[in-house]
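Asks: One structure, as structure tokens, below. Some questions next.
The values are calculated or read from the model by the stated rules, or taken from the named source; none is laboratory data. Owing to the predicted nature of the structure, the values given are computational and were not obtained by experimental measurement. Quick reminder, even Gly has a Cβ in these numbers, built from the backbone with ideal geometry, and neighbours come from all protein chains shown. Heads up: the accessible areas ignore ligands, DNA and RNA and are worked out on the full protein's heavy atoms, side chains in. Shrake-Rupley method; radii C 1.70, N 1.55, O 1.52, S 1.80 Å.
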Amino acid sequence: MTIERPHFTADELRKLNDEFETAQPSDILAWAAKTFGHGLAVTSSFADPILAHLAWSTVPGIDVVLIDTQYLFAETMWFAKHLADRSGGNLRILTPTSEVGKDDLWMRDTDMCCGVRKVAPLEQLLSNRSSWVTGLRRDDGPTRANTPIVLHDVLRDVIKVNPIANWTDADVASYMIDNELPQHPLVDRGYSSIGCWPCTVPNDDPNNRRGGRWVGQSKTECGLHG
């Protein structure tokens, strides 16, 4: 299927961001579904249930994609499947190519490891999509503090939509209570950001939710978002 890629001018993106700054995430998701149709892709790390629940509630039948790097915590795989079952949502698990087997690359080159296990599968997914919805939030940490709600991901030529970019931790907590959503099992064990088990540890920095990722390295992002 050939996907038409809508393009927005910088001015149009500014206007959308101004409008969406006070919009509900469900309204933003509904706009994305109407605008991009089958060209829309939704990905979640399932570190929390928010984006998946919003997507399944707002756009019935939509796939929420989890990139399985082959090094996810067992709890993350369980949590994603548990949420899909209780929500009646479609969960799609995306894996690296068959040439990528379990190895110790993460011990030698974390950038390359993320590249073949996270970035490459995502780019394959987005190669025939026009829009990508993520759960990025400004409260996640300093590197994400200026996250817009809508932007043009020039590298992948898709419109990236971050419907909960301006949600605070309090907003997340309220949504989870209101919708009786469970939290990831590792949260109670001190994990504030949850990625692959070799590169994620419990975090004691209240000012940086991603402080437990790639500890001891200058690396702060896996490459999916910059």
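Asks: Determine, yes or no, whether N208 is under 20 Å from W132 (Cβ atoms) and either polar (S, T, N, Q) or over 17 Å from the mean Cα position of the chain (by Cα) (or both).
Replies: Considered against the rule, which asks whether it is under 20 Å from W132 (Cβ atoms) and either polar (S, T, N, Q) or over 17 Å from the mean Cα position of the chain (by Cα) (or both), N208 comes out as no.
Asks: Would you mind stating whether D188 is open to solvent by 70 Å² or more (accessible area, probe 1.4 Å) and at pLDDT below 95?
Replies: The answer is yes for D188.
Asks: Please give the number of the condition E99 fails out of (1) outside any helix (DSSP H, G or I); (2) in contact (Cβ under 8 Å) with a residue 12 or more places away in the chain; (3) not polar (S, T, N, Q).
Replies: (2)
Asks: Exactly one of these conditions fails for Y175: (1) hydroxyl-bearing (S, T, Y); (2) assigned to a loop (DSSP other than H, G, I, E, B); (3) open to solvent by 30 Å² or more (accessible area, probe 1.4 Å). Give me its number.
Replies: (2)
Asks: Can you tell me which residue is modelled with the lowest pLDDT among those in segment 90-147 that are open to solvent by 20 Å² or more (accessible area, probe 1.4 Å), in contact with a strand residue (DSSP E or B) (Cβ under 7 Å, 6 or more places away or on another chain) and over 21 Å from I194 (Cα atoms)?
Replies: Result: R129.
Asks: Sticking with this structure for a sec: Can you tell me which residue in segment 1-39 is nearest to L125 (Cα to Cα), limited to those that are open to solvent by less than 100 Å² (accessible area, probe 1.4 Å) and of a type in the set (S, T, Y)?
Replies: My answer is T35.
Asks: Among the residues of segment 202-214, is any touching a strand residue (DSSP E or B) at 6+ places or on another chain (Cβ under 7 Å) and of a type outside the set (A, V, I, L, M, F, W, C)?
Replies: There is at least one residue in segment 202-214 that is touching a strand residue (DSSP E or B) at 6+ places or on another chain (Cβ under 7 Å) and of a type outside the set (A, V, I, L, M, F, W, C).
Asks: Can you run down the residue pairs with Cβ atoms below 7 Å, 6 or more apart or on separate chains, where the first is in segment 79-94 and under 14 Å from L125 (Cβ atoms) and the partner is open to solvent by 50 Å² or more (accessible area, probe 1.4 Å) and in a strand (DSSP E or B)?
Replies: Close Cβ pairs satisfying both conditions: R92/D63.
Asks: Out of all the residues in segment 66-83, is one or more modelled with pLDDT of 95 or more, surrounded by fewer than 17 Cβ atoms within 10 Å (Cβ to Cβ) and over 30 Å from C199 (Cα atoms)?
Replies: Within segment 66-83, none of the residues are modelled with pLDDT of 95 or more, surrounded by fewer than 17 Cβ atoms within 10 Å (Cβ to Cβ) and over 30 Å from C199 (Cα atoms).
Asks: Keeping to segment 1-41, report how many residues are under 20 Å from the mean Cα position of the chain (by Cα) and among the aliphatic types (A, V, I, L, M).
Replies: So the count comes out to 8.
Asks: Return the residues of segment 52-73 that are farther than 15 Å from W132 by Cβ, without any contact (Cβ under 8 Å) to a residue 40 or more places away in the chain and in a loop (DSSP other than H, G, I, E, B); say none if nothing qualifies.
Replies: P60, G61, D68
Asks: Could you check segment 197-226 and list, in sequence order, the residues that are within 19 Å of T143 (Cα to Cα), hydrophobic (A, V, I, L, M, F, W, C) and out of contact with any Cys (no Cβ under 6 Å at 6 or more places or on another chain)?
Replies: C199, V201, V215, L224, listed by residue number.
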